[in-house]
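For reference, the structure I am asking about is given below.
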């Protein structure tokens with residue numbers, strides 16, 4: 001659910017040939033590293049001199065800045081290490097642990113929380129070179145390195161007429177989305193990305209390499225299904241289940257402001273849809289965007305449904321009220337190719353809460369957001385977007401019935417994640433926009449709590465940096481995660497030294 005402000009622009013551009021916005025550039029400032037970091041960078045350079053990138057070198061800006069889509073995520077690592085194998089990661093982890101050096105790990109670089117995949121004055125492990133993909137058609141699986149994007153995966157599977165449950169946009173990385181849960185168009189039939197991982201190759205904090213499966217290192221296998229990417233180890237290879245989908249039907253629709261209540265009602269109905277064994281895999285990215293120039297609102301839908309169905313049957317409630325619609329029978333690879341992400345264009349903050357699927361409540365939340373945007377309408381470069389995402393009963397049922405589960409522990413009930421995705425231009429407005437997002441979301445969540453329709457579930461991929469996703473997991477699952485953490489990282493390498501993103505407290 002990343003890049004939603006840009007995604008609205010993409011949808012409208014496809015339909016109306018809109019002109020892209022002008023990029024806002026950022027400047028990286030170097031930081032003097034502490035002795036622990038100097039120790040690690042020096043030893044990494046000695047161990048693998050061709051793998052190290054230092055400030056001032058030709059590739060440094062690419063690694064520290066250009067690999068991130070959110071301007072706020074561009075930081076200044078003291079050195080960047082680009083390992084080429086699991087053995088090199090193992091060596092790096094032993095060095096980092098022995099030097100006691102703070103570090104970060106980057107796969108695709110698309111979690112926009114500063115410090116989650118980059119670091120000021122520390123060691124950055126960049127997994128760009130882990131770009132292997134192996135399709136095994138006989139077992140309907142694909143083995144993927146953490147340096148790949150989901151578009152790479154869809155491209156590899158396209159000749160076989162198969163898909164994997166992964167990111168909905170072209171440039172989302174494989175590891176981050178998979179380790180935090182993973183929303184996809186086909187969640188309603190196949191569950192989340194985490195539910196479709198068959199094995200993980202992992203380098204632990206002490207450099208040990210293990211393969212976690214249902215039958216080997218089973219507790220770690222479970223913990224990696226939604227427990228976050230910064231808590232247990234570095235995954236160097238994912239083996240994923242794939243599904244037959246040689247053709248998909250896509251729909252891109254735009255709605256004017258008067259249709260937004262009906263649009264949101266259709267989102268709620270989509271969350272409630274549960275056809276059991278007859279489920280048709282279908283999902284969407286639904287967005288409502290506020291135009292700060294015209295002070296008007298419009299909505300957009302990007303929908304994907306398995307098979308050829310013109311128009312796509314699962315989006316009939318939307319099609320009946322849209323202003324413009326374009327349907328197409330294509331492949332997932334071809335559709336994803338159109339959904340690129342502009343890099344270093346915005347500063348962006350996310351925040352979200354969750355409710356039981358209730359159209360009246362969702363419309364009320366939207367109306368409150370619509371009114372509150374006026375409070376920050378003078379912020380330069382403001383790009384406010386309201387994003388409802390669905391969790392259907394069938395999506396949660398996959399983990400309930402596969403004998404493994406996942407760390408979310410959701411019940412089989414329709415839920416709506418309602419998110420504010422707010423972009424702006426300048427650092428001087430960071431605190432103002434973040435405070436606005438936080439206070440508004442908390443106020444509306446409190447109202448929903450009083451009504452008895454609030455859920456405490458928080459999805460890491462769409463949360464603000466101040467939110468605590470673990471607080472929304474079942475208490476017994478959090479206790480189990482901490483036990484796994486102590487077992488597989490007894491020295492606390494990830495707890496003490498890799499503190500970016502959503503870390504599991506001791």
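The values are calculated or read from the model by the stated rules, or taken from the named source; none is laboratory data. Worth saying up front: this structure is predicted, and the values here are computed from it rather than measured. Note that we place each Cβ from the backbone using ideal geometry, even for glycine, and neighbour counts take in every protein chain shown.
Looking at 285, 260, which one is buried (at least 21 other Cβ atoms within 10 Å of the Cβ), closer than 22 Å to residue 418 by Cβ and in contact with a strand residue (DSSP E or B) (Cβ under 7 Å, 6 or more places away or on another chain)?
The match here is 285.
Continuing with the same structure: For the range 100-109, name all the residues that are touching a strand residue (DSSP E or B) at 6+ places or on another chain (Cβ under 6 Å), within 16 Å of residue 145 (Cα to Cα) and assigned to a loop (DSSP other than H, G, I, E, B).
Scanning the range 100-109 gives 107, 108.
Of the residues 394, 361, which single one is touching a strand residue (DSSP E or B) at 6+ places or on another chain (Cβ under 7 Å), over 29 Å from residue 293 (Cβ atoms) and touching a residue at least 24 places away in the same chain (Cβ under 8 Å)?
Only one candidate passes the filter, namely 361.
Okay, moving on. Just to be sure, is residue 152 surrounded by fewer than 24 Cβ atoms within 10 Å (Cβ to Cβ) and touching a residue at least 60 places away in the same chain (Cβ under 8 Å)?
Considered against the rule, which asks whether it is surrounded by fewer than 24 Cβ atoms within 10 Å (Cβ to Cβ) and touching a residue at least 60 places away in the same chain (Cβ under 8 Å), residue 152 comes out as no.
Look at the range 129-147 and say how many of its residues are at pLDDT below 95 and surrounded by 15 or more Cβ atoms within 10 Å (Cβ to Cβ).
Residues flagged as at pLDDT below 95 and surrounded by 15 or more Cβ atoms within 10 Å (Cβ to Cβ) within the range 129-147 amount to 0.
Residues are listed down the side, and each one gets a yes or a no for (1) assigned to a loop (DSSP other than H, G, I, E, B); (2) closer than 26 Å to residue 192 by Cβ:
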{"position": "283", "(1), (2)": "no, yes"}
{"position": "286", "(1), (2)": "no, yes"}
{"position": "294", "(1), (2)": "yes, no"}
{"position": "298", "(1), (2)": "no, no"}
{"position": "305", "(1), (2)": "no, yes"}
{"position": "311", "(1), (2)": "yes, no"}
{"position": "315", "(1), (2)": "no, yes"}
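Considering every residue within the range 174-186, establish whether at least one is part of a strand (DSSP E or B) and either under 26 Å from residue 496 (Cα atoms) or in contact with a strand residue (DSSP E or B) (Cβ under 9 Å, 6 or more places away or on another chain) (or both).
Checking the range 174-186: not a single residue is part of a strand (DSSP E or B) and either under 26 Å from residue 496 (Cα atoms) or in contact with a strand residue (DSSP E or B) (Cβ under 9 Å, 6 or more places away or on another chain) (or both).
Another one. Is it true that residue 115 is closer than 27 Å to residue 210 by Cα and modelled with pLDDT under 95?
yes
Kindly provide the set of residues from the range 134-167 that are assigned to a strand (DSSP E or B) and farther than 19 Å from residue 213 by Cα, ordered by number.
Passing the criteria: 149, 162, 163.
Of all residues in the range 103-123, how many are surrounded by 24 or more Cβ atoms within 10 Å (Cβ to Cβ) and over 18 Å from the mean Cα position of the chain (by Cα)?
4
Give 68, 17, 60 a once-over and let me know the one that is modelled with pLDDT of 80 or more, closer than 30 Å to residue 421 by Cα and surrounded by fewer than 21 Cβ atoms within 10 Å (Cβ to Cβ).
Of 68, 17, 60, the one residue that is modelled with pLDDT of 80 or more, closer than 30 Å to residue 421 by Cα and surrounded by fewer than 21 Cβ atoms within 10 Å (Cβ to Cβ) is 60.
In the range 232-257, which residues are crowded, with 24+ Cβ neighbours inside 10 Å and either within 21 Å of the chain's Cα centre (by Cα) or not in a strand (DSSP E or B) (or both)?
232, 233, 234, 235, 236, 238
Can you tell which of 476, 465 is surrounded by fewer than 20 Cβ atoms within 10 Å (Cβ to Cβ), assigned to a loop (DSSP other than H, G, I, E, B) and out of contact with any helix residue (DSSP H, G or I) (no Cβ under 8 Å at 6 or more places or on another chain)?
465
Can you pull out every residue in the range 183-232 that is at pLDDT 95 or above and at positive phi?
Hits for the range 183-232 are 191, 207, 217, 226.
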